[in-house]
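Some notes on the structure that comes next.
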Amino acid sequence: MIQKLKPKSEFSKNVLTLMTGTTIAQAIPIAISPILTRIYTPEDFGVFSLYMSTAAIFSVLATGRYEAAIILPKTNKEASYIVILSLLISLIISILILIFIILFDEQIAILLGNKNILHWLYFIPVTVFFTGIYQSLNYWVNRKKYYKKLALSRVSQSIVTSGSSIGMGFSGLSIAGLIYSNILGQIASIIVLFKSIYLNDLKYLNFFNKNRILFVARKYSKFPKFDLLASLSNVSAQYLVNILFTALFTTTVTGYYYLTQKMLSIPITLIAASILDVFKEQASKDYKQFGNARKIYIQTFKKLLVLSFIPSIIVYFFSVDIFTYIFGNAWEVSGEYARILVPMLFFRFISSPLSFMLYIGEKQELNLVGNLLFLLGTIGSLYFASSPMDAVVHLSFSFSFIYIMYLFFSAKIAKVW
């Protein structure tokens, strides 16, 4: 009986490996969330959300989006040059961001609508740098199919981040506890990935060849040319909400929205991201070999559809009760936001892995258009909103429509029809 339940295909085994690690990694913050929401206030989470949103937008620049190309070359040697290129860009960008913050720290704080963020701006280059390193190593490890190491890196990050946030919260560090613990978690995940590369692949990455690095920079220049702006638009659309909520309403409202997004994004991180890590490797291989990825696309679409249906119904009808029971009565508003965002998250869950077909098909220009629509949708949703609740309704509707568009074009690239 047990043998029958074991996954038989390599795709299913790899998905299970990553899903197991990601499940553990996500179970930990879920378990401690009721503690954190009683240690930290909605305003604390609001300022932390503002910090992470700003860091996330800057982090798009970290590697010039070259890390997404690491999985594409036929040889490991060529892919290794892209890794080195991505790491160099991460260092340079982080230094430039630090200089920018030193020159304009007060103006940035005013623009973000919260002077309490001023001191924490100087930690943003650190977060950006570690993000660039992790993204580069993550794509290399994924290329090499070290899925157990990927899973372990996620678990390590979760344990360190969660443990330190509780400890620092009880010690009275407030916002500092959330920011410091996030950085420590990044370091932990990088150490795991670096150790794996050091033991298995150092022969590819222990050299520097200027000409070869410039060669891959030119060869995969579509990524910074098209995908950088596309990703910047996408991340800005996702995180600009927190910044605009703070500027237009209050930091407390931002805290409510942050908790909603964090909790509802867990299934996407837990399942869809794990499927993506395997899907992009298999789809890339099929597309190179057969000129299409129809079979793996349809297979993945069906899995995502089945996995998302029942959870979406549960969240829609019981989100308010769930949020108040788990996090306390002070977070009832977060539950109301969750119910409104269900349609958007349903389509996001399905489209997020499958949209990688735009990278595989090198259709970054389509991704650019889509992400610009996300950005316009975000700005328009808040501009025409008369209240925070109204803004959430607009966001759910506009984003759902765009995710459906992504599904249509990704299926076309995969040659489903």
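Some notes on this structure:
- Being hydrophobic (A, V, I, L, M, F, W, C), farther than 22 Å from TYR256 by Cβ and out of contact with any Leu (no Cβ under 6 Å at 6 or more places or on another chain) holds for only one residue in MET357, MET389, MET344, and it is MET357.
Matching residues to (1) crowded, with 21+ Cβ neighbours inside 10 Å; (2) over 30 Å from MET357 (Cβ atoms); (3) among the polar types (S, T, N, Q):
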residue: ALA56; (1), (2), (3): no, no, no
residue: PRO73; (1), (2), (3): no, no, no
residue: SER80; (1), (2), (3): yes, no, yes
residue: LEU98; (1), (2), (3): no, yes, no
residue: ILE101; (1), (2), (3): no, yes, no
residue: LEU111; (1), (2), (3): no, yes, no
residue: ILE117; (1), (2), (3): yes, yes, no
residue: ASN138; (1), (2), (3): no, no, yes
residue: LYS145; (1), (2), (3): no, no, no
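- Some residue of the range 314-325 being buried (at least 22 other Cβ atoms within 10 Å of the Cβ) and among the hydrophobic types (A, V, I, L, M, F, W, C): yes
- When the helices (runs of 4 or more DSSP H) confined to the range 266-375 are screened for residues that are under 21 Å from VAL392 (Cβ atoms) and assigned by TED's automatic domain parsing to the domain that holds LEU395, those reaching at least 3 such residues are found at 294-327, 332-354.
- Matching option when the condition is farther than 21 Å from SER274 by Cβ and buried (at least 18 other Cβ atoms within 10 Å of the Cβ), among SER189, SER181: SER181
- The range 380-417, residues that are among the β-branched types (Val, Ile, Thr) and surrounded by 15 or more Cβ atoms within 10 Å (Cβ to Cβ): VAL392, VAL393, ILE402, ILE413, VAL416
- Exactly one residue among ALA247, ALA293, ALA272, ALA283 is crowded, with 22+ Cβ neighbours inside 10 Å and over 23 Å from the mean Cα position of the chain (by Cα), and that residue is ALA293.
- Every residue from the range 169-178 that is surrounded by 20 or more Cβ atoms within 10 Å (Cβ to Cβ) and more than 21 Å from the chain's Cα centre (by Cα): GLY169, ILE175, GLY177
- Odd one out for LYS145, checked against (1) within 26 Å of THR254 (Cα to Cα); (2) not in a helix (DSSP H, G or I): (1)
So that you can scan it fast, the table gives a plain yes or no per residue for (1) at pLDDT 90 or above; (2) part of a helix (DSSP H, G or I); (3) closer than 30 Å to LEU118 by Cβ:
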position	(1), (2), (3)
SER12	no, yes, no
LEU16	no, yes, no
GLY46	no, yes, yes
THR54	yes, yes, yes
PRO73	no, no, no
VAL83	yes, yes, no
LEU103	yes, yes, yes
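- Total residues in the range 69-121 satisfying the condition of being of a type in the set (Ser, Thr, Tyr) and over 25 Å from the mean Cα position of the chain (by Cα): the figure is 1.
The values are calculated or read from the model by the stated rules, or taken from the named source; none is laboratory data. The model shown is predicted, which means the values in this text are computed figures rather than measured ones. For neighbour counting, all protein chains shown are included, and Cβ atoms are generated from backbone atoms with ideal geometry for every residue, glycine included.
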